[in-house]
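Some notes on the structure that comes next.
The values are calculated or read from the model by the stated rules, or taken from the named source; none is laboratory data. If you're wondering where the values come from, they're calculated on a predicted model, not measured in any experiment. With ideal geometry, Cβ positions are generated from the backbone for all residues, glycine too; neighbour counts draw on all protein chains shown. Areas reflect the complete protein model, heavy atoms only, side chains present, ligands, DNA and RNA absent. Shrake-Rupley method; radii C 1.70, N 1.55, O 1.52, S 1.80 Å.
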Amino acid sequence: MENMRDAFGKALTRLAGQRDDFVVLDADVAGGTGTHHFRAAYPDRFIQCAIAEQNMFSMAAGLASTGVIPIVTCYGVFASMRALEQARNSIAYPGFKVIIAASHLGLDVGPDGATHQALEDIAIYRAVPGIQVVSPADPHELASVLPRLLDGDSPVYLRTGRSPLPDVFAPDTAFDHGRAQVLHEGRDTAILAVGVMVHRAVAAARRLQDEGVGCRVLNMSWLKPMDEAAVLAAARETGALVTCEDHNKYGGLGGAVAEIVGEGHPVPLRRVAIQDVYGESGDPDDLAAKYGLTTDHIMAAVRAVLRRKG
Amino acid sequence: MNPDLLARLRRFAAELRASIIVMNCHAGSGHPGGSLSCVEIVSWLFDQEMRFSPENMADPDRDRFILSKGHSCLALYAALAEKGFFSKDAFRSLRHVDGMLQGHPDRLKTPGVEFNSGSLGQGFSFALGCALGAKRAGRRSRAYALLGDGELGEGQVWEACMFAAHHALDNLVAVVDYNKFQSDDLCTRITALEPLAAKFAAFGWHVLEIDGHDFREIANAFARARAMAGRPTVIIAHTVKGKGVSFMEGVPKWHGSLCPSGEERACALRECGLTEAL
């Protein structure tokens with residue numbers, strides 16, 4: 001179990017030893033995003049941009065135009081809201097390859113409270129043309145996806161995270177990036193989860209198995225472009241879906257899945273998500289319990305959707 | 001400045017002014033006022049200052065021009081056409097569907113455009129990235145950002161000012177096209193910019209203040225910017241909005257969203273010293 005921000009900073013550091021084509025930009029939150037690991041090892045490739053995210057984002061586009069890949073790092077609220085228009089007009093619309101890596105997502109932020117808990121970032125970045133949205137489920141997937149993103153052509157909004165997460169994947173997993181991975185098989189319903197909710201979804205499926213309910217669990221780390229074939233197959237083959245995200249209920253994973261099955265194969269759907277309210281300070285697990293994001297809540301959603309399936 | 005060079009620059013500027021009027025009329029809208037005010041600055045940059053041509057567009061060592069006040073793209077398009085990046089026939093496509101020339105610059109559609117500016121403040125930061133990237137790679141490339149005076153209201157501009165001075169980006173030159181008008185009114189009636197030179201100086205910049213229509217002063221300022229080590233330079237260029245077209249000079253409505261009538265077009269082209277239709 002490793003926290004996602006340390007995993008991110010260490011993965012960047014390992015990668016920097018293998019390739020010299022990227023630099024890391026920070027807005028005075030290196031200790032929070034995990035990039036202090038990178039700064040210590042590669043100070044010459046670390047650019048301190050101060051608490052000035054809007055300048056950092058547009059400047060990253062200028063850096064990208066000179067042939068280096070900027071990895072822009074800050075907290076999710078600032079990456080998805082304060083500097084959003086710079087992400088759109090300076091990075092995505094002109095098509096510069098910049099990786100925007102955001103930590104501090106959802107209630108997982110914990111004690112810093114509501115100002116720092118990004119509940120909207122998936123919905124926001126999904127709506128911006130020309131940018132991919134990726135949210136790995138554990139440190140192994142995060143480390144594996146970074147070189148893939150650096151080798152790609154497109155700007156990316158990468159959700160890293162903050163808290164320690166249990167391993168979802170074995171360290172030597174060969175990822176088929178871009179595809180939704182099946183983490184548990186079952187025919188009664190499918191649970192589609194992202195980020196910190198993936199390990200909870202797997203735990204829910206295992207416990208439901210003991211009750212005789214079979215759940216297919218899909219890791220939906222590629223939020224855009226989304227693996228629509230996997231979503232539609234899950235709808236066709238199980239007939240009921242539950243989505244899980246530490247994000248507001250509007251426009252995130254649940255919204256994306258509803259769009260896909262609404263057009264392609266309508267089935268009953270329940271969304272485990274934040275119910276359109278702001279969070280508060282507290283331990284992340286306590287917040288998950290209060291705001292309906294635990295394994296128990298996922299199990300309840302599965303039972304509810306099965307009743308509607310008839 | 002030798003008389004031949006001065007004459008050449010004046011011809012170049014006249015061509016740009018005529019192109020601006022012609023494009024404005026083809027499009028039926030656009031921003032002529034702020035395009036005309038920066039003509040001498042743009043003429044100097046494209047004809048004399050920058051290592052930037054259709055032949056070296058792929059060269060990482062090329063100098064970069066970023067029109068941060070992207071709405072004044074008529075001036076940019078006119079200069080690019082003059083330098084052979086595309087034919088003046090393209091002027092007809094401005095602001096029309098499938099057009100190569102967009103209402104604000106688009107690097108993916110228009111040869112010679114470095115950045116999709118128009119959202120104010122962002123081009124300036126982009127230019128910082130170009131300058132920083134060049135320095136990090138040990139390249140001699142210089143970055144030139146042209147800003148509007150109204151644009152200085154964006155907080156991002158002052159974020160960029162702090163960064164550029166702290167990182168000693170002496171390969172960066174910002175030019176403020178200080179024509180005193182922004183979209184709605186005189187700058188002084190929106191939020192006062194003065195003391196503008198003192199503001200930039202307080203942010204650690206090398207500050208020069210010139211008549212932005214005088215080629216001798218322009219040439220001198222860019223030479224001083226080139227000689228400055230350790231600090232970015234800002235050239236505060238005092239200009240006249242709508243410069244060169246009598247009925248546009250200092251008249252706020254020519255900021256944008258309209259174009260001259262047929263009679264006005266003929267008058268404007270005559271005043272630019274050109275009567276032939278482009």
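Evaluated against (1) assigned by TED's automatic domain parsing to the domain that holds residue A:217; (2) closer than 30 Å to residue A:61 by Cα, residue A:147 falls short on exactly one condition, (1).
Checking each residue in segment B:250-270 for being free of Cβ contacts under 8 Å to residues at least 60 places away in the same chain and closer than 17 Å to residue B:37 by Cα picks out only B:253. Looking at A:7, A:41 in this structure, which one is among the aliphatic types (A, V, I, L, M), away from chain B (no Cβ under 12 Å) and within 22 Å of residue A:163 (Cβ to Cβ)? Selected residue: A:7, the only one of A:7, A:41 that is among the aliphatic types (A, V, I, L, M), away from chain B (no Cβ under 12 Å) and within 22 Å of residue A:163 (Cβ to Cβ). Can you find a residue in segment B:40-57 that is in contact with a Gly (Cβ under 7 Å, 6 or more places away or on another chain), buried (at least 24 other Cβ atoms within 10 Å of the Cβ) and away from every other protein chain (no Cβ under 14 Å)? Yes, segment B:40-57 contains a residue that is in contact with a Gly (Cβ under 7 Å, 6 or more places away or on another chain), buried (at least 24 other Cβ atoms within 10 Å of the Cβ) and away from every other protein chain (no Cβ under 14 Å). Among the numbered conditions (1) surrounded by fewer than 24 Cβ atoms within 10 Å (Cβ to Cβ); (2) closer than 20 Å to residue A:305 by Cα, the only one that residue A:175 does not meet is (2).
Among the residues of segment B:96-123, the one identified as crowded, with 24+ Cβ neighbours inside 10 Å, of a type in the set (A, V, I, L, M, F, W, C) and within 8 Å of chain A (Cβ to nearest Cβ) is B:115.
Checked across segment A:186-194, the condition of being in a loop (DSSP other than H, G, I, E, B), open to solvent by 10 Å² or more (accessible area, probe 1.4 Å) and hydrophobic (A, V, I, L, M, F, W, C) holds for no residue. Screening residue B:162 against (1) within 13 Å of chain A (Cβ to nearest Cβ); (2) under 16 Å from the mean Cα position of the chain (by Cα); (3) in contact (Cβ under 8 Å) with a residue 12 or more places away in the chain leaves a single unmet condition, (2).
Selection within segment A:143-172: residues that are part of a helix (DSSP H, G or I) and touching a Ser or Thr at 6+ places or on another chain (Cβ under 9 Å). The member of this set that is surrounded by the fewest Cβ atoms within 10 Å (Cβ to Cβ) is A:144. Taking the criterion of being under 29 Å from residue B:252 (Cα atoms) and open to solvent by less than 10 Å² (accessible area, probe 1.4 Å), the residues of segment B:149-172 that qualify are B:149, B:151, B:152, B:156, B:157, B:160, B:161. Every residue in segment B:124-144 that is open to solvent by less than 10 Å² (accessible area, probe 1.4 Å) and facing another protein chain (nearest Cβ under 10 Å), please. Within segment B:124-144, B:124, B:125, B:126, B:127, B:128, B:129, B:130, B:131, B:133, B:134, B:141, B:143 qualify.
From B:172, B:147, which residue is within 14 Å of chain A (Cβ to nearest Cβ) and touching a Pro at 6+ places or on another chain (Cβ under 7 Å)? Give the derivation first.
Values: B:147 fails: touching a Pro at 6+ places or on another chain (Cβ under 7 Å).
Unique residue meeting the criteria: B:172.
State whether the residues of segment B:176-186 include one that is more than 20 Å from the chain's Cα centre (by Cα) and at the interface with chain A (Cβ under 10 Å from one of its Cβ atoms). Scanning segment B:176-186 turns up no residue that is more than 20 Å from the chain's Cα centre (by Cα) and at the interface with chain A (Cβ under 10 Å from one of its Cβ atoms). Screening segment A:69-78 for residues that are of a type in the set (Val, Ile, Thr) and over 14 Å from residue A:125 (Cβ atoms) and picking the one that is nearest to the other protein chains (Cβ to nearest Cβ) gives A:69.
Selection of first residues in segment A:1-16 that are on the phi > 0 side of the Ramachandran plot and of second residues that are modelled with pLDDT of 95 or more and outside any helix (DSSP H, G or I), restricted to Cβ pairs under 6 Å at least 6 apart or on distinct chains, gives an empty result.
Note down all Cβ pairs under 7 Å where the first residue falls in segment A:280-294 and is farther than 11 Å from residue A:111 by Cα, the second is open to solvent by 60 Å² or more (accessible area, probe 1.4 Å), and they're at least six residues apart or on different chains. Qualifying pairs under 7 Å: A:292/A:275.
Just to be sure, is residue A:267 assigned to a helix (DSSP H, G or I), more than 17 Å from residue A:104 (Cα to Cα) and touching a residue at least 24 places away in the same chain (Cβ under 8 Å)? Write out each step before concluding.
Values: assigned to a helix (DSSP H, G or I): no; more than 17 Å from residue A:104 (Cα to Cα): yes; touching a residue at least 24 places away in the same chain (Cβ under 8 Å): yes.
No, not satisfied.
Only residues that are under 16 Å from residue A:114 (Cβ atoms) and open to solvent by 10 Å² or more (accessible area, probe 1.4 Å) were counted in segment A:258-291, giving 13.
Quick grid of which residues meet (1) among the aromatic types (Phe, Trp, Tyr); (2) within 11 Å of chain B (Cβ to nearest Cβ); (3) open to solvent by 20 Å² or more (accessible area, probe 1.4 Å):
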residue: A:31; (1), (2), (3): no, no, yes
residue: A:51; (1), (2), (3): no, yes, yes
residue: A:55; (1), (2), (3): no, yes, no
residue: A:67; (1), (2), (3): no, yes, yes
residue: A:80; (1), (2), (3): no, no, no
residue: A:111; (1), (2), (3): no, no, yes
residue: A:117; (1), (2), (3): no, no, no
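Screening segment B:251-275 for residues that are of a type in the set (Gly, Ala, Ser) and at pLDDT 85 or above and picking the one that is surrounded by the most Cβ atoms within 10 Å (Cβ to Cβ) gives B:268.
Here residue A:140 passes the criteria (1) in a helix (DSSP H, G or I); (2) without any contact (Cβ under 8 Å) to a residue 24 or more places away in the chain; (3) open to solvent by 10 Å² or more (accessible area, probe 1.4 Å) except the one numbered (2). Filtering segment A:88-109 to residues that are open to solvent by less than 20 Å² (accessible area, probe 1.4 Å) and within 14 Å of chain B (Cβ to nearest Cβ) leaves A:90, A:91, A:92, A:94, A:96, A:98. Considering only segment A:241-257, I want to know if a residue exists there that is crowded, with 21+ Cβ neighbours inside 10 Å, more than 18 Å from the chain's Cα centre (by Cα) and within 29 Å of residue A:128 (Cα to Cα). Checked segment A:241-257: at least one residue is crowded, with 21+ Cβ neighbours inside 10 Å, more than 18 Å from the chain's Cα centre (by Cα) and within 29 Å of residue A:128 (Cα to Cα). For segment B:83-95, the set of residues classified as touching a residue at least 24 places away in the same chain (Cβ under 8 Å) and surrounded by fewer than 19 Cβ atoms within 10 Å (Cβ to Cβ) consists of B:83, B:84, B:86, B:88, B:92, B:95, listed by residue number. Taking first residues from segment B:52-75 that are at negative phi and in a strand (DSSP E or B) and partners that are of a type in the set (Val, Ile, Thr) and surrounded by fewer than 24 Cβ atoms within 10 Å (Cβ to Cβ), the Cβ contacts under 9 Å between residues at least 6 apart in sequence or on separate chains come to B:64/A:66.
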